[in-house]
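Following: one structure in structure tokens, then a few remarks.
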Amino acid sequence: MQKLQKNISYQFKDINLLKQALTHRSVSKKNNERLEFLGDSVLGCVISLEIYQRFPLIDEGQLSRLRSSLVRGQTLAKLAKTLNISESLLLGQGELKSGGFRRESIQADAFEAILGAIFLDSDYATVSGIILKLYNDLLNESGPEDSLKDFKTQLQELLQKKGYALPVYELIKTEGKDHNAIFYVNCSIKEYSLGVEESAKSIKRAEQACAESILKGILNK
């Protein structure tokens, strides 16, 4: 965990908070889900304020879409990979055997949980500074005209241009209950002979993940 603390440029006073942030629910009841909830809220607040100040001329709708592109699961997973969070994850045997440390959703959740842990271990100003440092390149590359269309919108517009049928997203199953639920969604595009199934902690996120996978598949054809 020392290496991870160096990567995030923060030394924990209470190392147990970091350990909990890295603990998947497959390990024990004392896992990172509550910290993830907290980290998600802190991250949203920090990014909202930053883009509000950076882009004073864009409206609420544009700000909301830009924020969504910056805090979506795929973005968090990419940041988690730059920090090598997967090397420090604490997973149950089932998740280890299935390669859970490589799953983007698990890495993204741990990333948010670490932010929640830093907030509890320090204060808002400290975690805000860390978030902005981690997001520095992404924020500098972002703008009102960039990444405003989510993956579902991009896929829909691509199919409409070609005169193809619009994608249909189907909820396959749900595992867990209440705030612990995982939703599995399927989407297929007949004209491209592409079909994917993705999972996330909300149906909306799972649908976005499906659309992103299909877009990647189309571009790689």
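Every number in this text was worked out from the coordinates using simple rules, so none of it is lab data. Not measured: the values here are computed from a predicted model. Note: ideal-geometry Cβ built from the backbone for every residue, glycine included; neighbour counts use all protein chains shown.
Taking a ≥ b ≥ c as the square roots of the eigenvalues of the Cα gyration tensor, segment 151-220 is prolate, since a/c reaches 1.5 or more and a/b is larger than b/c. Each of Cys45, Cys187 was scored by other Cβ atoms within 10 Å of its Cβ. Arranged with the fewest first, they read Cys45, Cys187.
Angle between the Cα long axis of helix 124-134 and the longest principal axis of the chain, 0 to 90 degrees, nearest 10? Computed tilt is about 50 degrees. Please build a GNM for the chain, connecting alpha carbons under 10 Å apart, and tell me which residue among Asp178, Asp14, Asp40 fluctuates the most. Its mean-square fluctuation being the largest, the pick is Asp178.
Computed from Cα positions, the angle between helix 60-71 and the longest principal axis of the chain comes to roughly 70 degrees. Taking all Cα pairs closer than 8 Å and separated by 6 or more residues, the relative contact order of segment 1-142 comes to 38 percent. Evaluated over the Cα positions of segment 29-138, the convex hull gives a direction-averaged projected area, one quarter of its surface, of 7.3 nm². Could you state, as a whole-number percent, how many of the C-alpha pairs of the chain are farther apart than 26 Å? So the portion of pairs separated by more than 26 Å is 41 percent.
Taking Ser26, Ser128, Ser69 as the candidate residues, the one with maximal mean-square fluctuation in a Gaussian network model of the chain, Cα springs under 10 Å, is Ser26. Of Val46, Val27, Val168, the residue with the greatest mean-square motion in the GNM of the chain, using alpha carbon springs below 10 Å, is Val168.
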